[in-house]
Structure formats: structure tokens, C-alpha cells
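Novice: I have a structure here, written as C-alpha cells, and I will follow up with some questions on it.
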Amino acid sequence: MQTQEHFDGLETRKPAEREAQLMAALPAQVAHAKTMTRAFAGILAHVDPAKVHSREALAKLPVTRKGELLERQKAQRAQDPFGGFAAVVRGPAMPHVFASPGPIYEPDSGIRDYWRAGRAMFAAGFRSGDLAHNCFSYHMTPGAFIMESGAHAVGCTVFPAGTGQTEQQLQVISELRPVAYLGTPSFLRILVEKAQESGGDISSIRKGLVGGEAFPPSLRDWFTERGMDIYQSYATADLGLIAYETASRQGMVIDEGVIVEIVRPGTGDPVAPGEVGEVVVTSLSPAYPLIRFGTGDLSAVLPGEDPTGRTNMRIKGWLGRADQTTKIRGMFVHPGQVADIARRFPEIVKARLVVTGEMANDVMTFQVETASAPQGLDARIGEAVRDVTKLRADVQLLQPGTLPNDGKVIEDARSYK
């Protein structure tokens with residue numbers, strides 16, 4: 001039930017209560033995924049769902065990344081376009097099928113506010129009776145439907161504007177007078193600038209929820225100067241809403257329907273609080289129960305609770321991409337290989353592969369943080385680098401805390417001139 005300040009009571013639960021309820025739901029969701037989807041029946045074949053009742057137990061399960069999901073879908077196109085990951089079948093339980101670049105196919109569900117975007121809308125100031133101008137694409141991808149279903153959950157009426165046709169959009173805005181915008185921040189800026197050039201009136205738009213691309217503070221301030229209060233959401237076609245911005249403008253609050261971990265890129269190992277890593281999400285959706293799904297996005301946990309009274313974990317927002325696979329001297333090197341090397345040496349606290357030089361003249365430096373460096377450690381690490389990557393690298397031993405906290409496992413610092 002919505003209150004004046006929050007979408008529902010889930011947002012203000014005591015953290016310990018939320019954690020207990022999430023962990024209580026986890027074994028059943030793992031069992032549901034194993035029973036209802038062929039993909040997780042295989043991925044989790046040796047997992048006892050009843051034992052997955054803590055974050056520590058969850059962290060032992062394999063991470064399924066988008067690339068693996070795509071490969072499974074490709075291999076099973078003729079039999080199952082979803083690659084065995086969907087727990088619903090075509091019919092009333094699946095009103096739509098969507099396609100994301102790849103293509104990756106995603107099922108819709110008949111569940112109200114299936115992607116849970118209503119929570120983000122409410123935090124952005126959307127209220128029942130508002131008219132929302134939805135400029136996400138209604139063509140193939142689910143973006144527009146994610147936002148439309150969330151707007152309906154709040155009680156909004158939606159104009160399905162879609163993308164492009166700027167002049168027609170400006171006419172509609174001036175005549176229908178929507179108070180809210182949904183879409184990418186870049187397209188909203190185009191609308192504002194075109195209105196200024198043509199003398200169009202879009203002054204009715206006072207708030208908005210954006211997504212699909214980076215939303216830097218400078219652009220947010222640009223909208224604020226023009227009387228628009230614009231917030232950002234973090235959602236994917238696979239998972240729905242992951243996190244959302246609030247009036248505090250302090251990071252993004254995690255949605256109530258997912259369990260989020262931050263792991264070291266290329267691995268499934270959770271990082272220390274505050275360290276940048278890949279966002280891995282376990283969805284509690286019954287229709288598409290993704291367990292430890294690697295988003296490929298980088299972020300970090302932001303300590304403390306949101307000043308708006310929402311008590312869930314916060315993240316710092318989108319900080320880059322986790323897939324840092326790099327081609328070096330004709331060979332692909334993956335973040336997982338860097339992690340494999342680091343795991344061989346208990347002395348290594350943190351590792352990073354830096355590639356410098358010019359193209360065709362690559363120089364690899366394997367940087368490691370270590371509190372103790374016994375004689376010959378650098379030589380043994382160098383041998384491990386050659387063993388895993390088939391390439392030679394200089395090894396640099398550093399004090400703990402030296403490497404930047406940016407989530408990079410492979411840094412490509414080559415000159416491409």
C-alpha cells in the first residue's frame with residue numbers, strides 16, 4: 001500500500017527484517033529455478049536448494065553472465081528461443097516476447113508491474129492521475145513496456161510516444177500537457193533544445209524518470225535549471241528494476257524484489273564493502289528466475305541508509321563495464337584469467353593487468369598488491385601469467401591499497417594513434 005512518501009511498506013523495513021525475509025525466500029527460488037527451467041536444472045544440478053539460505057551460500061553458486069545466456073539461446077533457437085531460462089510458456093502467462101541486441105529474447109509476464117518499475121516512478125514523484133509521455137522505444141525491445149507498466153502501477157496515464165518524430169512529439173506535449181517524461185536523458189535534451197529553437201511549449205513537463213544510458217550530474221543540473229526534476233533508474237530487460245534514485249540524490253537504492261551482490265570481475269567472489277566490482281543479481285521473479293545473473297555493469301555499495309527513509313542497500317550507480325576482455329599480441333585475455341592467476345598465490349591481495357605501448361608492440365605489466373613478498377614471488381607470478389595467458393608480462397609488486405578502486409582488472413592503456 002502506497003504512503004505519502006513511499007511506494008509501499010517494504011521500502012522502510014528494518015534491514016535485518018528484510019535480509020531475513022530475502023534469505024527465507026531464496027531456497028524456494030533456487031528450487032523453483034531448478035524445477036521449472038531446463039537451464040538452471042543443469043547449471044545448479046549439484047546444488048541443494050535447501051542449503052542456499054545465506055549470502056555466503058549464494059556466493060558459492062555459479063554466475064551466469066549475459067554472454068552465456070546468449071550462447072544457450074543460440075544453441076536452442078529451434079526448440080526454445082529463451083535457452084531454457086523461462087519458467088512461463090506462451091499464452092496468457094506470456095503476453096509479449098521481446099528482443100534485445102544479440103538478439104537475446106526475453107519473456108513478458110501477465111503479472112502486474114512485472115518489472116517492478118513502479119517503485120522507481122513513485123520515488124521520482126510520479127503520482128496517480130499524472131500523464132506520462134513515454135519516449136522509450138516500443139519496437140522489439142521491452143524498455144517502453146517496462147516503464148509503461150510501472151507508470152500504470154502508480155496510477156498514471158501513458159502516452160506511447162516512442163522515439164523520433166521530434167516535431168510531432170513537441171506538438172503532442174504542447175496540446176496534451178503531460179507532467180512527466182519517460183525515456184533516455186539524451187532524447188529529453190533534444191526535445192528541450194528543439195522546443196527552444198521552434199518556440200514550442202513543453203513547460204508542462206516538470207518531472208521524469210530516465211534510463212538506458214549514463215545520466216551525469218551536469219545533465220541533471222541542466223534539466224533542473226529548466227524546471228525539470230529528473231531521476232534515473234537502473235533496470236535491464238532480463239531483470240527489471242535493479243536500483244533507483246531518490247530525492248536524496250545519494251546513490252541508488254536497491255529494489256525490493258532482487259538480491260544484489262558486488263563481485264570481482266571475471267569471478268563470482270564478493271568484494272569488500274565499498275570496492276568496485278560487477279553487479280550480480282538474483283531475481284525473485286517466478287516467470288524468469290535468474291540466479292546470480294551477471295549484469296556486466298560495475299558499481300559499489302554505498303554505506304549507510306538513504307535519508308528518505310528507504311532502508312535497503314544502496315549502490316553508487318553505473319561505474320562502467322565489467323567485461324574488460326582485451327586482445328593482446330593476437331590473444332584474448334579475460335578478467336577470469338587474471339583472477340585465476342591471483343588465486344594461485346595467497347600473498348596476492350589484489351591484481352591488475354596493465355597493457356601499455358602501441359598497437360603491435362604491447363607491453364604487459366601484472367600489478368599485484370601484497371603485504372608480504374617472499375623472495376622469488378615475482379618470478380613465480382610471471383610463470384603463472386605465461387601458463388594461463390600464454391603471454392609474458394613484467395610483474396610489479398605493490399603495497400596494499402595502491403591500486404585504484406575502479407573495478408578494473410585489465411587496463412588497456414595503449415596508444416591507438
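Here, each number is a calculation from the coordinates, and none is a lab measurement. Computed from a predicted model, the values in this text were never measured in an experiment. No Cβ is skipped: glycine too gets one built from the backbone with ideal geometry, and neighbour counts run over all protein chains shown.
Novice: For Ser198 and Thr157, what does the FRET efficiency come to when R0 = 35 Å and r is the distance between their Cβ atoms, rounded to the nearest 0.05?
Specialist: Once the sixth-power term is evaluated, E becomes 0.85.
Novice: Something else now. Report the one residue of Gln165, Leu44, Gly212 whose Cα lies farthest in the direction of the positive end of the charge dipole of the chain (charges on C-beta: Lys and Arg +1, Asp and Glu -1; origin at the Cα centre).
Specialist: Of Gln165, Leu44, Gly212, it is Leu44.
Novice: Tell me the mean residue ellipticity at 222 nm calculated for the chain from its helices only (DSSP H runs of n ≥ 4, each -39500 (n - 2.57), averaged over every residue, nearest 500).
Specialist: -8500 deg cm²/dmol
Novice: Report, ordered by chain and residue number, the lysines lying within cross-link reach of Lys194, taken as a straight Cα distance under 25 Å and ignoring same-chain residues fewer than 8 apart.
Specialist: By straight Cα distance, Lys194 reaches Lys207.
Novice: Once R0 is set to 45 Å, what does the formula 1/(1 + (r/R0)^6) return for the Cβ-Cβ distance between Ala16 and Val97, expressed as a FRET efficiency to the nearest 0.05?
Specialist: That gives a FRET efficiency of 0.70.
Novice: In degrees between 0 and 90, to the nearest 10, how far off the longest principal axis of the chain does helix 143-154 point, with axes built from Cα atoms?
Specialist: Helix 143-154 sits roughly 60 degrees off the main axis of the chain.
Novice: Over all pairs of distinct alpha carbons, what does the Kirkwood formula give as the hydrodynamic radius of segment 326-412, in Å?
Specialist: Roughly 13.0 Å, rounded to one decimal.
Novice: Averaged across orientations, what area in nm² does the convex hull of the alpha carbons in segment 127-223 project?
Specialist: Projected area, direction-averaged: 5.9 nm².
Novice: A further question follows. Hey, which lysines would be in cross-link range of Lys408, C-alpha to C-alpha under 26 Å, not counting anything within fewer than 8 residues on its own chain?
Specialist: Here the lysines satisfying the reach criterion relative to Lys408 are Lys60, Lys66, Lys316, Lys327, Lys350, Lys390, Lys417.
Novice: Name the shape class, rounded, prolate or oblate, that the alpha-carbon gyration tensor gives for segment 191-326, where a ≥ b ≥ c are the square roots of its eigenvalues, rounded holds for a/c under 1.5, and otherwise prolate holds if a/b is larger than b/c and oblate otherwise.
Specialist: prolate
Novice: Kindly rank 334-345, 113-124, 318-329 from highest to lowest mean number of other beta carbons found within 10 Å of each residue.
Specialist: In decreasing order of mean packing, 334-345, 113-124, 318-329 become 113-124, 334-345, 318-329.
Novice: Moving on. Once the other residues with Cβ under 12 Å from the Cβ of Glu167 are scored (Lys, Arg +1; Asp, Glu -1), what is the net sum?
Specialist: Here the count lands on 0.
Novice: Where a ≥ b ≥ c are the square roots of the eigenvalues of the C-alpha gyration tensor, would you call segment 15-93 rounded, which needs a/c under 1.5, or, failing that, prolate if a/b is larger than b/c, or oblate?
Specialist: prolate
Novice: What is the helix-to-structure angle for 377-389, meaning the angle in degrees between its Cα long axis and the longest Cα principal axis of the chain, kept from 0 to 90 and rounded to the nearest 10?
Specialist: 60 degrees
Novice: Now a separate question. Taking all pairs of distinct Cα atoms, average 1/r, flip it, and tell me the Kirkwood hydrodynamic radius of the chain in Å to one decimal place.
Specialist: 23.2 Å
Novice: Going highest first, how would you order 252-262, 395-405 by mean Cβ packing within 10 Å?
Specialist: For the peptides 252-262, 395-405, the packing ranking is 252-262, 395-405.
Novice: If you put +1 on each Lys and Arg Cβ and -1 on each Asp and Glu Cβ, how big is the dipole of the chain around its Cα centre, in Debye rounded to 20?
Specialist: Charge dipole of the chain: 780 debye, to the nearest 20.
Novice: Could you tell me the distance between the Cα centroids of segment 227-264 and segment 146-181, to the nearest Å?
Specialist: 22 Å
Novice: Rounded to the nearest 10 degrees, what's the angle between the helix 166-176 long axis and the longest principal axis of the chain, both from Cα atoms, 0 to 90?
Specialist: Its long axis makes an angle of about 50 degrees.
Novice: Under a crude label model (7 Å from the Cα following the beta-carbon direction), how far is Arg329 from Asp48 in nanometres?
Specialist: Label-label distance for Arg329 and Asp48, simple model: 4.7 nm.
Novice: R0 = 25 Å: FRET efficiency of Ala28 with Asn405, Cβ-based, nearest 0.05?
Specialist: 0.10
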